[in-house]
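Beneath this line is the structure, given in structure tokens, with notes to follow.
The values are calculated or read from the model by the stated rules, or taken from the named source; none is laboratory data. Just so you know, these numbers come straight off a predicted model, no measurement behind them. For neighbour counting, all protein chains shown are included, and Cβ atoms are generated from backbone atoms with ideal geometry for every residue, glycine included. Calculation scope for accessible area: heavy atoms of the full protein, side chains included, ligands and nucleic acids excluded. Shrake-Rupley method; radii C 1.70, N 1.55, O 1.52, S 1.80 Å.
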Amino acid sequence: MHSFGFRANAVLTFGITILALICAMASISDNFNSPRPSSEIQILNINWFQKQPHGNDEIEDFQVWDVVPICLFSPIDATAAMVSLTMNITADLQSLFTWNTKQVFVFVAAEYETPKNALNQVSLWDAIIPAKEHAKFWVQTANKYRFVDQGSNLRGKDFNLTLHWHVMPKTGKMFANKLVIPGYRLPEEYR
Amino acid sequence: MHDGKRLKNGREIPIVHRVIKVHERQETEEVEVLTKGDNNYGDDRLLYAQGQLWLQRHHIMGRAVGFLPYVGWVTIIMTEKPIIKYILIGALGLLVITSKD
């Protein structure tokens, strides 16, 4: 019972159990944080609102297409529309950070309903916030990702811009939440 | 709905990537999803099967809910250097056999 093997095994098991307990306590401590995040998103301009060559509605910055390899142009639907827009995103997410926070992943998604789909969520922009100091920010940007619909349902469409955040801990449970900002609308006609 | 999701696409290794587009049908429970790795420039369509543009529910194995740092290294080491697996099991077996109770 006192051989090296037994002792090594006992120490290892004990060590791992304690580590697991500490991880759990660190994660539980995150529950005591009551965050008060705030944000405002302004759409400065709808740059481009077109029907894609093969159909889908999309808003996109035209220059980007030249650099994109052909294989991404696979035909999606018979009809689809595209959107390109510029937004001002302001947010204060400092209250989300705890001592156990590794980073916060934040993204803005456009949410809308169409006759075919009860819910459409299209991510327009995202960023990683590595520390509390960077969590209060103002960003002016065009949409990072293609705002494409499955179909051409976007003309005159009302949509919400939702700011989502995922708080990634150094260890333990990940928290996610969102702030819905309704009241945006796309133009009635393509341009 | 945009958290890290594990997906399978005919390959052995599940991938944890983020959802960037969701289209959920009216009436039915069907959902179509597009994913992207945070560090990748483009979305995952290049990783999907030939001609596949969306992931459906049955392609998604699960969802990331938390982090346990460094635990994955145990699996990685045992897969890359299988001898360690044998040594570990051998040592545990020896321990069991030589125990007096």
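Here are a few things to note about the model shown:
- Residue match in region A:135-145 (condition: out of contact with any Leu (no Cβ under 8 Å at 6 or more places or on another chain), modelled with pLDDT of 90 or more, crowded, with 20+ Cβ neighbours inside 10 Å and over 17 Å from A:TRP48 (Cα atoms)): no
- Residue match in region B:16-35 (condition: out of contact with any Phe, Trp or Tyr (no Cβ under 9 Å at 6 or more places or on another chain), assigned to a loop (DSSP other than H, G, I, E, B), closer than 27 Å to A:TRP165 by Cα and aliphatic (A, V, I, L, M)): no
- Scan of region B:8-20 for residues that are at negative phi and either free of Cβ contacts under 8 Å to residues at least 24 places away in the same chain or open to solvent by 60 Å² or more (accessible area, probe 1.4 Å) (or both), ordered by number: B:LYS8, B:ARG11, B:GLU12, B:ILE13, B:VAL16, B:ARG18, B:VAL19, B:ILE20
For (1) modelled with pLDDT of 90 or more; (2) open to solvent by 30 Å² or more (accessible area, probe 1.4 Å); (3) in contact with a Gly (Cβ under 8 Å, 6 or more places away or on another chain), each residue gets a yes or a no:
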{"site": "A:VAL148", "(1), (2), (3)": "no, no, no"}
{"site": "A:THR162", "(1), (2), (3)": "yes, no, no"}
{"site": "A:HIS166", "(1), (2), (3)": "yes, no, no"}
{"site": "A:PRO169", "(1), (2), (3)": "yes, no, yes"}
{"site": "A:LEU179", "(1), (2), (3)": "yes, yes, no"}
{"site": "A:PRO187", "(1), (2), (3)": "no, no, yes"}
{"site": "A:ARG191", "(1), (2), (3)": "no, yes, no"}
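- Reported count of residues in region B:34-62, each being touching an Asp or Glu at 6+ places or on another chain (Cβ under 8 Å) and either among the β-branched types (Val, Ile, Thr) or outside the structural domain of B:ILE20 (by TED's automatic domain parsing) (or both), is 1.
- Entry remark, region B:44-73: residues being in a helix (DSSP H, G or I) and exposed (fewer than 12 other Cβ atoms within 10 Å of the Cβ) number 5 in total.
- Every test in (1) out of contact with any helix residue (DSSP H, G or I) (no Cβ under 7 Å at 6 or more places or on another chain); (2) of a type in the set (Lys, Arg); (3) in a helix (DSSP H, G or I) is passed by B:LYS85 save one, and that test is (1).
- Every residue from region A:101-112 that is surrounded by fewer than 20 Cβ atoms within 10 Å (Cβ to Cβ) and more than 8 Å from chain B (Cβ to nearest Cβ): A:GLN103, A:GLU111, A:TYR112
- Being assigned to a strand (DSSP E or B), within 24 Å of A:LYS173 (Cα to Cα) and either at pLDDT 90 or above or open to solvent by 70 Å² or more (accessible area, probe 1.4 Å) (or both) is a property that holds for A:ALA91.
- Within region A:115-153, being among the charged types (D, E, K, R) and either within 7 Å of chain B (Cβ to nearest Cβ) or outside any strand (DSSP E or B) (or both) holds for A:LYS116, A:LYS132, A:GLU133, A:LYS144, A:ARG146, A:ASP149.
- Number of positions in region B:51-76 that are free of Cβ contacts under 8 Å to residues at least 24 places away in the same chain and more than 10 Å from chain A (Cβ to nearest Cβ): 6
- Selection from region B:29-43 of residues that are more than 20 Å from A:LEU119 (Cα to Cα) and either facing chain A (nearest Cβ under 10 Å) or open to solvent by 60 Å² or more (accessible area, probe 1.4 Å) (or both): B:ASP38, B:ASN39, B:ASN40, B:TYR41, B:GLY42, B:ASP43
- Count - residues of region A:163-191 that are among the β-branched types (Val, Ile, Thr) and within 10 Å of chain B (Cβ to nearest Cβ): 1
- Top-ranked residue of region A:3-49 - restricted to ones that are away from every other protein chain (no Cβ under 11 Å), part of a loop (DSSP other than H, G, I, E, B) and not basic (Lys, Arg), ranked as least open to solvent (accessible area, probe 1.4 Å): A:PRO37
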